Amino acid sequence: MNEADIDADTNDRMLLQRMAAGDRVALATLYHSYHGRLCRFLSRLTRRADVIEEVINDCLWIAWQKAGDFRGDSRVSTWIMGIAYRCGLKALRQRGDEPVEDDNIPEDRIPSTHPDEDRELRDWLAKGLDRLTADQRVVIELVYGVGHTLEDVATIMGCPVGTVKARLFHARVKLRNVLPALAGDSITLKENVP
């Protein structure tokens, strides 16, 4: 964990302490801090914008209720992502994960990207990620998108580290096999050569 992560976790812990004391401003601050990350993370679990918003609200409501119970065994972000993951799975069991058209998902709910990133490349990668299972997409997002360690991901998903490693391995193999076929002639990957 780098210094910025340590500072962010310290700030999040203070917000949880304030929330435990009933401070609604702390809840609003935490909500605004995590909303984008949770949208991106949950978009790997489902493409249903209605489910994503509901899960974010449920997740942060639970964080509000349980703020005083946070033991500090992990980073606050790991704890919140774990709540979101479990709430997401519950919502999908109740409502299903019927596909929706990308046009129905508001632009601010699509995973954020660097402004200089090539849109065609993002679309190509999104098509590759769509070929993965939900668990594989979640692991890819948590490790590469959010930057959690394998141990954090295991805590979030409630499974052994070995299972996380296996999901990550199989996701990378599947991406390595499907991305070239999805690219066709339309995308030419450029290697960054120093």
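In table form, for the structure just shown:
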quantity: Given charges at beta-carbon only (K, R positive; D, E negative), |dipole| of segment 1-61 in Debye; calculated: 220
quantity: Long pairs among K66/K174; K127/K165; K66/K127, criterion Cα-Cα beyond 27 Å; calculated: K66/K174; K66/K127
quantity: Semi-axis lengths, Å, segment 113-183, gyration tensor of Cα atoms, sqrt of 5 times eigenvalues; calculated: 23, 15, 8
quantity: FRET efficiency for T133 and E53, using Cβ-Cβ distance with R0 set to 22 Å, rounded to 0.05; calculated: 0.40
quantity: Label-point separation, V25 to D73 (7 Å along Cα→Cβ), nm; calculated: 3.3
quantity: Binned Cα-Cα distances of segment 1-101, short to long, each 5 Å bin given as a whole percent; calculated: 2, 13, 25, 22, 17, 11, 6, 3, 0
quantity: Mean Cβ neighbour count within 10 Å, used as a protection proxy, ranking 162-173, 145-156, 75-86, 3-14 highest first; calculated: 75-86, 145-156, 162-173, 3-14
quantity: Over 15 Å [Cα-Cα, segment 28-69], rounded percent; calculated: 39
quantity: For segment 165-172, Karplus couplings with θ = phi - 60° (6.51, -1.76, 1.60), whole Hz, Gly/Pro x; calculated: 4, 5, 4, 5, 4, 5, 5, 5
quantity: Using a Förster distance of 41 Å, the FRET efficiency for K90-V173 (Cβ separation, nearest 0.05); calculated: 0.90
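Each value in this text was obtained by applying a stated rule to the coordinates, not by laboratory testing. Bear in mind that the values here come from a model prediction, so they are computed numbers and not experimental data. Don't worry about glycine lacking a Cβ; one is built from the backbone with ideal geometry, like all the others, and counts go over all protein chains shown.
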